[in-house]
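Just below is one structure, and these are the notes that go with it.
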Amino acid sequence: MYIKHELYAADIANIAAENLPWQKLANKTLLLTGATGLIGTVLVDSLMKKNRDDGLNLTVLAAGRNEKISAQRFADYAGDKNFCFIKLDVNNPIELAEHVDFVIHAASNTHPLQYSADPVGTMTANILGTHNLLEFCRMKNVSRFVFVSSVEIYGKALRPEDTFDEKYCGYIDCNTLRAGYPESKRAGEALCQAYISQHGLDVTIARLSRVYGATIRLDDSKAMSEFIMNGVRGEDIVLKSQGLPKFSYCYAADAVSGILYCLLNGTCGEAYNVADSSEILSLREIAEYISGLNGRKVIFRLPDEIQRKGFSTAVNAIMPNDKIRGLGWLPKDDTRSGVKKTVEILRSLVKR
């Protein structure tokens, strides 16, 4: 595994021990895009753990654009017959000789600086990339496609008290740079429905809340990621607003198990919120909790112009998870326990 820490190893073991119909994956091949990302890394480690523990014999095709990062993150699987890294840009037509049974599309720009620095790339991965993968699924008769979507598709709550169940549709101002990410995720979901209707594909959608965990990029510009890295370095936390909005979060290991529940238990055409629904904390409360782990404090500072372009203007974004719980999924970590584990794991890595 990429992260050599007992807490991370326990997370991976918990995912591999989920009460899922794993036999559906036995002797099959799964293509995963975004394999070296926050979500993809945990997915690869979990599936390879299941392979090695239970002889699942699932071939994992880990697709990404950076061979160097893949070699670092997946060094433990070098030479393993059940693992293969594939250099792939989803913005190009997908041409693979291998037979593929399942596809999970998790490749996407996912943090604010990427939205503002590469708005075209952000949109094309979510629209053109999704189209190319759906076409690949159609041509290869793939058994199931999972589109990893986002809380961002709900837009801004129409009323502060609103929550985002799977039928909710909030406001997005499409004439802004920031709209590229949520609008393209919406378009990606619409493409999935079009391929279900027109070509009979089997597709499920995992709508992730704000996800964090030890596999984050160390330069990730999402607020939660920046807070976590402040905690890792023992620094004061800089809050670039009053921090009043409340968002749903999900620890990466729980997000990955949620995706697997969508893959193996989900109903074709359905979208599922993947979020922890226990204590819902405001940004300020999270910042205060993380700073308190180190005896530090929270400092308030306004963002610069570039940062503002990528920031969400959501007031509250709370996602009920009743629907995916109906598939049997339950998160194992709330925000406090997940954040604490993340800080502890990353602190050990940064010290190396």
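Brief remarks follow.
- Simple rule: put +1 on each Lys or Arg Cβ and -1 on each Asp or Glu Cβ in the chain, find the dipole, and look at ASN265, GLY231, ALA157; the Cα lying farthest toward the positive end is GLY231.
- Full-extension gain in nm, CYS174 to ALA9, via 0.36 nm per residue minus C-alpha separation: 55.2 nm
- As a rough footprinting exposure proxy, the listed residues VAL60, VAL42 were ranked by other beta carbons within 10 Å of their own, and the order from fewest upward is VAL60, VAL42.
- Inter-label distance, nm, simple model (7 Å from Cα along the C-beta direction), ASN57/ASP118: 3.8
- Zone of LEU330's modelled label, taken as backbone nitrogen in segment 1-38 under 20 Å from a point 7 Å along Cα→Cβ: 10-22
- Close lysine pairs were tallied over segment 16-70: pairs 8 or more places apart or on different chains with Cα atoms under 19 Å apart number 4.
- Legend: Rg and Dmax of the chain, from Cα coordinates, 19.2, 57 Å.
- Summary of packing: across the peptides 224-231, 154-161, 317-324, the per-residue average of other C-beta atoms within 10 Å ranks them, highest first, as 224-231, 317-324, 154-161.
- Fully extended contour minus Cα-Cα distance, from ASP322 to ALA194, at 0.36 nm per residue: 43.5 nm
- Using C-alpha pairs below 8 Å separated by at least 6 residues, the relative contact order for the chain is 19 percent.
- For the peptides 96-106, 81-91, the ranking by mean Cβ contacts within 10 Å, running from highest to lowest, is 96-106, 81-91.
- FRET efficiency estimate (nearest 0.05) - Cβ-Cβ, ALA75 to ASN27, R0 22 angstrom: 0.30
- Cα centre as origin, Lys/Arg/Asp/Glu Cβ charges: the chain dipole, Debye: 500
The numbers here are math on the coordinates, done by the rules we state, and not lab data. On a predicted model such as this, the values are computed, not experimentally measured, just so you know. Positions of Cβ are backbone-derived with ideal geometry, glycine not excepted, and every protein chain shown enters the neighbour counts.
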